[in-house]
1. Given R₀ = 30 Å, FRET efficiency for residue 94-residue 208 by Cβ-Cβ distance, to 0.05?
2. Under the 0.36 nm per residue contour assumption, what length would be gained going from the current alpha-carbon distance of residue 156 and residue 60 to full extension?
3. For the residue pair residue 32 and residue 180, what label-to-label distance in nm results when each label sits 7 Å from Cα along the Cα-to-beta-carbon direction?
4. In nm, give the distance between the simple-model label positions of residue 41 and residue 69, each being 7 Å from the Cα along the Cα-to-Cβ direction.
5. By how many nm would the segment from residue 115 to residue 139 lengthen if fully extended, with 0.36 nm per residue of separation less the alpha-carbon distance?
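Read-outs: derived from the displayed coordinates by stated rules, not from any lab. Source: prediction; values computed, not measured. Using ideal geometry, Cβ is built from the backbone for each residue, glycine included, and neighbour counts are taken over all protein chains shown.
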Amino acid sequence: MVRALAAGLVAVVACASARGQYFNIDLDANGDVPDAAFGGAALQPGFWNGVQACDEGPRLLRDLGGELTQVTYTFEQDHANGMSCGWFNNQDNTGGYAALLNDTLEINYSDTIFTFTFSGLDPGAYRVITYAVRRGGQECLTPVEVIGSESPNPQFVTGPMPGDSFVLGVTHALHDVDITDGTIRVVCNLPLYGNDFSSINGFQIAPVPAPPVGVAVVGGLLLVRRGRRAC
């Protein structure tokens, strides 16, 4: 019983510690961001950071509860004037889908590389979802690489926009990465073939593996509750 109680307390503390390491980021071009009920492809409802799409930062991020953290977002391009940002009233999307996917940061030159950097994270394993679908809905090939990821690198997000839904490889890429320096780097560029620009809509970041079992201690008893995440 003592061991079970101790294990439960450790799980609760670990869950509370990890809570601040979940982030939703919308690269915003029209002042419209998803509300906190919208979970995105990560099924991760909570506060969405509205980051002006063409703002290179640095920008401090808020966690799912809206609390300001010391985690920063920046991006840089290696080509002057290699970017633009914009919005399109794509009526295939509504609600949070429209707020997240209908505006984008765009890579305009084939020799341009964008690096998105998230700094100040706790060391550990993370899942990174990168939304990279063209706001107008057309097919568009966007390569996404997360430096050091054990997942396939790069992954190609292809479009076309499916409308009010998420499809891996069509609307977004998914990478798992283990970091030791507190930094995640996402690299995107414009392929030399086919595209006139590539698009980036936003990101979701969470520790992995997401706890599959909710753990709580009540009256000295270790209780296990099945669920997606305990915190």
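1. 0.50
2. Length gained between residue 156 and residue 60: 31.7 nm.
3. 4.6 nm
4. Label-label distance for residue 41 and residue 69, simple model: 2.0 nm.
5. Extending this stretch completely gives an extra 6.4 nm.
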